[in-house]
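Worksheet: the structure to be examined is printed underneath.
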Amino acid sequence: MTRLILATIVALVLYAIVQNAYAVPRYAPPHKAQWLCIHHYEGSWTDSGAPYYGGLQMDWSFMSTYGRKLLRSKGTADHWTPHEQMWVAERAWRTRGFYPWPNTARYCGLI
């Protein structure tokens with residue numbers, strides 16, 4: 001009986017962690033000024049020009065890797081709010097740095 005209770009608790013905790021991993025906080029991302037600089041050189045927040053979408057020019061694989069929940073619920077990045085786009089970029093930045101934006105990050109003095 002105690003193993004069943006423990007397994008249930010572990011499953012609930014893991015489920016909560018996975019759900020929160022895709023949550024987009026309402027406050028500004030930590031690197032908001034940097035994302036706004038990159039956006040200045042990239043495109044409109046509502047840019048729907050395939051293959052890159054939104055103000056930070058995210059391609060399909062980028063969106064599906066770092067913004068899967070938003071991609072499923074709202075579509076491509078041009079339908080996301082600017083903060084949602086920045087949070088997805090922030091998620092990518094944690095693993096890849098500013099590598100997806102080499103030229104604009106250089107213009108902004110970030111690399």
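Bear in mind that the values in this text are calculations on the coordinates, not laboratory data. Keep in mind that what you see is a predicted model, and the values were worked out from it rather than measured. Because the Cβ atoms are built from the backbone with ideal geometry, glycine has one as well, and the counts that use them run over all protein chains shown.
Quick notes on this structure:
- Panel order for LEU71, LEU36, by other beta carbons found within 10 Å of each beta carbon, from fewest to most: LEU36, LEU71.
- Taking other Cβ atoms within 10 Å as a rough exposure proxy, THR65, THR76, THR95 sort from fewest to most as THR95, THR65, THR76.
- Among residues other than GLY97 with Cβ under 13 Å from its Cβ, the summed charge is +3 (Lys and Arg +1, Asp and Glu -1).
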